[in-house]
Amino acid sequence: MKICSIGAGYVGGPTMVVIAEQCPEIQVRVTDINQQRIDAWNSDQLPVYEPGLAETVKKLRGRNLSFTTDIDTAIQESDVIFLSVNTPTKQYGEGAGKASDLKYIVSAVERIAALATSDKIIVEKSTLPVCTANKLRAILASNPHQCHFEILSNPEFMAEGTAMQDLRHPDRILIGGEQTESGKQAIQTLVDVYAHWVPREKIITQNLWSSELSKLSANAFLAQRISSINALSALCECSGADVDEISRAIGADSRIGAKFLKSSVGFGGSCFKKDLLNLIYLCESFGLKESALYWQQVVDMNEHQKHRFARLILEKLFNTLSGKKIAIFGFAFKQDTNDTRESPAITVCQDLLKEQAFLSIYDPRVPETVIRTDLAGYPSDAIEVVSDPEQAARGSYAIVILTEGEPFISLNYKHLYTLMKRPTFLFDGRNGLDLDQIRSFGFNAYGIGKKR
Ligand code: UDX
Ligand code: ADP
């Protein structure tokens, strides 16, 4: 059996690597139009950082895993083709700012329609709006060889930073397909692939439309939990309650559960906002105004939380940041990733730059060019990107933590304090530090949802 992925990004790359790892008899090809990206996959500097990924790629490359820009051969030779191209929010025309931009998916499927000379299973891996399969089917009908195509939906639930772990030990695998004889056969083919390593009871099969909508729904629910706890964080700050204690109390209710209740400066990443906007757009297109407004509020709350945090910094620094140096620790949207898409750090930094602050940014995973592109449009001499936290802290008035976890929480804050200007502030946008201890070093310290 031969499998390929069209798209070698954060989704297509790691997913194919784990399939190749778990199914040694299957030939897996990862393809992309971007030559640079493919070259990077074939080098020691992979384009995607994920713990455990590089070692696995090294082991499998040249065995049953390869990376190539020869998409045409991959299409012709593969039995199963995964569509793992990007589906960003549309920036133009009808549905701009909300709908998914399907141009990459459409162009990949047009290529399959033009080239396929044998029957294929096409797997929607990218997150797509419900009913996309209908559009893809219409495109595939133009195939000159009248090949038979079955479309399956197999959404990815892996999170960045834990992708390898999520892929190797998934909570569930979702496979949606048509409930016809050939549809069921195609579903079984994909079930057999995953059954190499996933217990059968964790593989859920369902109809195509449910599967397409399940992915958006799962992300909307996760984002909603974060916006809900963040809405409570503001109330905690006024009332003296502690948001972490609230999370613990409600998370201990087994009906609610403890995960995704960590209050923060806001959620980021390529999925949550995009999928929420897509869901809102779908609701609107079906005339469901109230449902659209309901989900819109989850997005609005998240935007509000980012601005609220930036305003706190301004207010505590005596309402003027002009010319003041501020150290920013963390720019990625979460720990263990180099990805900055929709990172709350972008909004917070922009708000601080609007106040004419001077930002010294430290995030060892994110290249300077990416940070500068994300903050384009603001004076470049108001930003420095450093590889040493001491350099960021030296001469600054405040440290602002915007990404959770390592390498930021284990820094020597007692020492950093000695390098900074007085009065000295620390704003923890991820509630990872013990603020009482930080205060004992001399900082004025503030967290999210913590008593002010
Ligand atoms: C998400 C989904 O988890 C995954 O299933 C889906 O397939 C893709 O989208 P990802 O975007 O990689 O994954 O990251 P995730 O771990 O979900 O975190 C998203 C954002 O929420 C991050 O900015 C994170 O810092 C924030 N977050 C998460 C919180 O603020 N609080 C929490 O309790 C959890
Ligand atoms: P995701 O996080 O969804 O994986 P990425 O942007 O990281 O998104 O990856 C998507 C990849 O798909 C990119 O590397 C892009 O070059 C590739 N791609 C987009 N359109 C096509 C296409 N028609 N054929 C092949 N690859 C494509």
Selection over segment 331-376 where residues are in a loop (DSSP other than H, G, I, E, B), among the small types (Gly, Ala, Ser) and under 20 Å from residue 405 (Cα atoms) yields a count of 2
Out of all the residues in segment 40-97, which are over 25 Å from residue 333 (Cα atoms), in a helix (DSSP H, G or I) and aliphatic (A, V, I, L, M)?
60, 71, 74, 75
Residues that are crowded, with 18+ Cβ neighbours inside 10 Å and away from ligand 2 (no atom under 11 Å from the Cβ), drawn from segment 38-52
46, 49, 50
Do you know which residues across segment 221-269 are within 25 Å of residue 11 (Cα to Cα) and touching a Phe, Trp or Tyr at 6+ places or on another chain (Cβ under 6 Å)?
222, 223, 225, 226, 268, 269
Quick check on this structure: which one of 411, 426 is without any contact (Cβ under 8 Å) to a residue 60 or more places away in the chain and over 21 Å from residue 372 (Cα atoms)?
426
Within segment 426-442, can you find the residues that are of a type in the set (Lys, Arg), more than 16 Å from ligand 1 (Cβ to nearest atom) and either crowded, with 23+ Cβ neighbours inside 10 Å or not assigned by TED's automatic domain parsing to the domain that holds residue 266 (or both)?
none
When (1) in contact with a Leu (Cβ under 8 Å, 6 or more places away or on another chain); (2) within 19 Å of residue 306 (Cβ to Cβ) are applied to residue 187, the one that fails is (2)
The one condition in (1) within 15 Å of ligand 2 (Cβ to nearest atom); (2) farther than 21 Å from residue 162 by Cα that residue 64 fails to fulfil:
(1)
If we ask which residues in segment 57-92 are without any contact (Cβ under 8 Å) to a residue 12 or more places away in the chain, over 24 Å from residue 147 (Cβ atoms) and of a type in the set (S, T, N, Q), their number turns out to be 1
Quick test of your reading of the structure: residue 19 fulfils all but one of (1) part of a helix (DSSP H, G or I); (2) within 11 Å of ligand 2 (Cβ to nearest atom). Name the failing condition by number.
(2)
Residues satisfying the stated conditions in segment 77-91, i.e. of a type in the set (S, T, N, Q), away from ligand 1 (no atom under 15 Å from the Cβ) and closer than 27 Å to residue 66 by Cβ:
78
In the set 399, 346, 409, which member is in contact with an Asp or Glu (Cβ under 6 Å, 6 or more places away or on another chain) and among the aliphatic types (A, V, I, L, M)?
346
Within segment 199-218, restricting to residues that are of a type in the set (Lys, Arg) and at pLDDT 95 or above, the one that is surrounded by the fewest Cβ atoms within 10 Å (Cβ to Cβ) is 200
What do you reckon, is residue 400 closer than 22 Å to residue 309 by Cα, more than 16 Å from ligand 2 (Cβ to nearest atom) and free of Cβ contacts under 8 Å to residues at least 40 places away in the same chain?
no
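The values are calculated or read from the model by the stated rules, or taken from the named source; none is laboratory data. Predicted model, so just to flag it, every value in this text is computed and none were measured. Note that we place each Cβ from the backbone using ideal geometry, even for glycine, and neighbour counts take in every protein chain shown.
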